[in-house]
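Okay, structure first, notes after.
The values are calculated or read from the model by the stated rules, or taken from the named source; none is laboratory data. All values reported here derive from a predicted model rather than from experimental measurement. Don't worry about glycine lacking a Cβ; one is built from the backbone with ideal geometry, like all the others, and counts go over all protein chains shown.
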Amino acid sequence: MRRLLKGGRVVDPANGRDGVFDVLIDDGRIAGVGRGLPANGAEVLEVPSGIVIAPGLIDMHVHLREPGQEHKETVATGTAAAVAGGFTAVACMPNTDPVNDNAGVTEYVLKKAAEARLARVYPIGAVSRGQKGEQLADIAELKQAGCVALTDDGKPVATALLMRRALEYASMFGMPVIEHCEEQTLKGDGVAHEGFHASSLGLRGIPGQAESIMALRDISLAELTGGAVHIAHMSARQTLDAVRFGKARGARVTCEVTPHHFVLTDARLAEPIAYDTNTKMNPPLREEADRDAMLAGLSDGSIDVIATDHAPHHYDEKRVEFDHAPFGITGLETAVSLVFDRLVHPGLITLGRMVELMSLNPARILRVPGGSLSDGAPADLTLLAPDLSVTVSAATMRSKSKNTPFDGWALRGGVAATIVGGRTVYVNEDAKLRI
Amino acid sequence: MKKDLLGISDLTRDEIYLVLDTAEAMREIAERPIKKVPTLRGKTVVNLFYEPSTRTRTSFEIAEKRLSADTLNIAVAASSVLKGETLVDTALNIEAMAPDMIVLRHASSGAGHLLARLCKSRIINAGDGMHEHPTQALLDAFTIREHKKRIEGLKVAIIGDLLHSRVLRSNALLLTTLGAEVWVSGPRTLMPPAVERFGVRASTSVDEAVADADVIMLLRIQHERMNGAFFPSVREYFNTFGMTTARMARAKPDAIIMHPGPMNRGVEIASEVADGPYSVILEQVANGVAVRMAVLYLLAGGEGD
């Protein structure tokens with residue numbers, strides 16, 4: 001099936017394109033980008049001039065919860081949330097039940113994704129068997145089954161030695177090791193960023209150095225082994241410094257930041273709702289200096305990726321004492337609006353940089369197709385409406401869980417439509433597009 | 001006053017004084033042969049305690065009974081919390097029986113905030129985790145005012161496990177709101193991060209903190225803190241930070257010694273100090289009843305006689 005998108009602003013930094021172009025899709029792939037492309041029988045889709053056509057966004061850090069925690073999310077509901085949030089692909093974390101440490105679980109997740117026919121799903125395998133931090137998982141088998149990276153996310157790779165071996169072993173298969181950086185004794189039973197707000201609310205603190213110490217370990221090991229380490233959901237300014245230092249020395253280190261870590265601070269623990277469990281995540285919301293460092297890192301190019309760490313939890317699990325609530329918030333359906341409202345419109349980043357952070361760089365780090373509108377690339381497209389007025393509504397989200405601190409927020413910028421493999425999988429009715 | 005008393009942070013300076021002044025009137029009731037007034041007749045108060053507590057629970061219960069409220073004690077053992085129903089479900093079940101007030105003691109900071117959002121009943125925080133213990137701070141202020149006739153301008157030293165103490169947080173808020181000069185002291189390991197932003201002066205030298213102090217308040221040191229490497233030994237703690245008669249001599253001659261209890265004699269406080277003439281520790285307990293009567297009365301709307 002051939003489709004021709006006419007009239008949108010194409011932003012495709014991989015090919016140095018930013019302007020009004022037509023995009024021709026043939027058989028699920030990009031067949032050409034240019035001006036005045038002839039329809040030649042293709043279905044013509046008129047795209048209003050205010051709409052941006054970007055390579056499909058890729059969220060390289062989500063929890064789809066299946067198998068095992070289907071009351072929080074399933075591959076079907078998670079990918080429905082993904083496409084509603086403008087993501088054509090997601091990489092899902094292995095901390096399911098059972099853990100994705102073998103081909104059977106990987107294949108199960110991929111089967112569920114194929115049934116859902118929404119976003120592409122790239123499973124990430126466990127570094128260690130059962131994520132126990134003892135033996136390596138069967139990494140070659142995971143790779144063959146379709147895993148694109150490895151992580152023990154939820155916690156760090158337990159020991160320096162195991163991390164060293166993981167980096168060495170994974171490098172044979174071109175897989176990065178994604179690290180949840182946390183020195184676990186320093187984190188202890190902390191539930192919030194160590195600082196004034198945690199102190200005054202009587203919450204046990206987690207210092208930023210719990211993260212940066214582990215990042216320094218892993219960057220050193222990346223240098224030792226030549227392996228690629230990707231620092232997940234970076235929150236502390238000290239970690240960003242560690243990454244910059246590693247990059248300056250030529251270490252193979254990349255990093256991501258979540259929207260909540262560049263939008264919110266630990267002041268949200270106290271206001272507007274004191275002890276709101278939707279402000280509890282790991283790593284925690286940090287102080288202003290950390291949030292500002294993340295904004296600077298996004299702006300100056302030190303940060304490679306924006307990922308959501310979409311962490312759905314059932315409301316029963318969150319409607320408890322702050323201490324007892326699980327860490328995490330949903331993120332797939334708010335990320336694009338937060339990026340527009342807080343980064344693009346204030347002029348901190350360009351649209352081209354937004355596409356690098358949310359599409360091109362995740363594709364490069366995970367070595368998956370996408371990230372560009374090159375001829376022959378999969379026809380995964382995100383149509384963005386930069387000036388759309390969006391009011392976040394948790395109740396109407398596609399995700400099975402509604403644990404977001406952004407409910408009710410008014411934001412400028414959103415998703416108009418999502419196309420995966422040439423097929424329209426999501427249209428935002430508010431954007432009034434006919435796709 | 002707000003619907004709930006979750007912390008001193010809920011009270012204005014004027015409301016704090018209102019509680020203290022009301023407590024003066026309430027204290028007189030304890031001196032009567034019939035220690036009971038009909039003020040809260042027909043009101044139901046549930047004491048919902050998720051942590052063991054003798055002093056606070058007894059104090060609330062006596063206060064409620066002296067005001068003629070119908071009281072009910074629910075003690076939930078920590079072990080049954082894990083397998084039993086959630087705090088929210090327990091509270092909603094109690095709420096369904098339409099009590100007027102719920103007095104909550106809980107090990108988690110902010111537990112009262114959770115209930116206050118869901119319940120029509122007024123919630124009184126009787127201690128939540130490491131957060132606040134507002135009635136303790138109010139009874140401390142009442143006791144200080146009784147002895148010193150004022151709070152503004154006094155030097156108050158609070159010494160001990162500041163990090164884990166809800167008494168510290170409530171007292172720091174209350175005493176700084178009323179214009180006292182608050183010093184805190186103890187080992188660095190037991191100070192809350194950013195404690196100076198509580199509006200207090202922090203020093204690891206107890207001698208400096210107690211110098212010319214009008215009031216010295218000790219906080220309990222739990223032995224199990226040694227396991228978290230907060231301090232090496234009880235002996236070293238007592239020698240370095242314990243309140244001894246020698247350290248007491250650095251304070252003003254008429255300084256008073258306070259402790260929210262339960263005390264660890266020979267750890268944070270020498271017995272000679274606890275039992276000395278400047279100790280007002282048992283007065284604190286007595287005043288606790290009057291202050292809690294005042295809080296219950298004011299939250300109930302200040303109706304009746």
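Worth a mention:
- Answer residue from segment B:92-147, given it is of a type in the set (S, T, N, Q) and farther than 15 Å from A:Phe322 by Cα and is nearest to the chain's Cα centre (by Cα) among those: B:Gln136
- Some residue of segment B:56-78 being assigned to a loop (DSSP other than H, G, I, E, B), more than 14 Å from chain A (Cβ to nearest Cβ), out of contact with any strand residue (DSSP E or B) (no Cβ under 8 Å at 6 or more places or on another chain) and closer than 27 Å to A:Ala274 by Cα: yes
- Residue list for segment B:253-301, restricted to those being part of a loop (DSSP other than H, G, I, E, B) and free of Cβ contacts under 8 Å to residues at least 12 places away in the same chain: B:Pro253, B:Asp275, B:Pro277, B:Gly301
- Test: residue in segment B:8-30 that is away from every other protein chain (no Cβ under 14 Å), touching a residue at least 12 places away in the same chain (Cβ under 8 Å) and touching a strand residue (DSSP E or B) at 6+ places or on another chain (Cβ under 8 Å): yes
- Verdict on A:Lys143 being closer than 19 Å to A:Leu332 by Cβ, part of a helix (DSSP H, G or I) and out of contact with any Ser or Thr (no Cβ under 6 Å at 6 or more places or on another chain): no
Here is a yes/no grid of residues against (1) charged (D, E, K, R); (2) without any contact (Cβ under 8 Å) to a residue 40 or more places away in the chain; (3) in contact with a Phe, Trp or Tyr (Cβ under 6 Å, 6 or more places away or on another chain):
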| site | (1), (2), (3) |
| --- | --- |
| A:Glu179 | yes, no, no |
| A:Ala198 | no, no, no |
| A:Gly202 | no, yes, no |
| A:Gly205 | no, yes, no |
| A:Gly208 | no, no, no |
| A:Met214 | no, no, no |
| A:Val229 | no, no, no |
| A:His233 | no, no, no |
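- Qualifying residue in segment A:167-185 (condition: within 14 Å of chain B (Cβ to nearest Cβ) and either modelled with pLDDT of 95 or more or buried (at least 22 other Cβ atoms within 10 Å of the Cβ) (or both)): yes
- Residue selected from segment A:194-215 under the condition assigned to a loop (DSSP other than H, G, I, E, B), within 30 Å of A:Leu167 (Cβ to Cβ) and not small (Gly, Ala, Ser), by the criterion nearest to the other protein chains (Cβ to nearest Cβ): A:Glu194
- Remark: pairs (first residue in segment A:324-345, within 14 Å of chain B (Cβ to nearest Cβ); second residue in a helix (DSSP H, G or I) and hydroxyl-bearing (Ser, Thr, Tyr); Cβ separation under 9 Å; 6+ apart in sequence or on different chains) = A:His324/A:Thr277; A:Ala325/A:Thr277; A:Pro326/A:Thr277.
- Filter result for A:Val105 (touching a Gly at 6+ places or on another chain (Cβ under 6 Å), among the hydrophobic types (A, V, I, L, M, F, W, C) and over 28 Å from A:Ser372 (Cα atoms)): no
- Each residue in segment A:252-284 was checked for being under 16 Å from A:Glu194 (Cβ atoms), touching a helix residue (DSSP H, G or I) at 6+ places or on another chain (Cβ under 6 Å), surrounded by fewer than 24 Cβ atoms within 10 Å (Cβ to Cβ) and polar (S, T, N, Q), and 1 pass.
- The single condition from (1) crowded, with 19+ Cβ neighbours inside 10 Å; (2) free of Cβ contacts under 8 Å to residues at least 60 places away in the same chain; (3) out of contact with any helix residue (DSSP H, G or I) (no Cβ under 6 Å at 6 or more places or on another chain); (4) more than 14 Å from chain A (Cβ to nearest Cβ) that B:His106 fails is (4).
- Looking across segment A:255-291, the residues that are free of Cβ contacts under 8 Å to residues at least 40 places away in the same chain and within 15 Å of A:Ser235 (Cα to Cα) come down to A:His261, A:Thr265, A:Glu288, A:Arg291.
- All conditions but one from (1) more than 12 Å from chain B (Cβ to nearest Cβ); (2) under 19 Å from the mean Cα position of the chain (by Cα); (3) hydroxyl-bearing (Ser, Thr, Tyr) apply to A:Thr265; the one that does not is (2).
- Qualifying residue in segment A:139-151 (condition: among the hydrophobic types (A, V, I, L, M, F, W, C), within 14 Å of another protein chain (Cβ to nearest Cβ) and farther than 22 Å from A:Arg65 by Cβ): no
- Residue in segment A:305-317 that is nearest to the other protein chains (Cβ to nearest Cβ), counting only those that are of a type in the set (D, E, K, R) and closer than 30 Å to A:Leu366 by Cβ: A:Glu317
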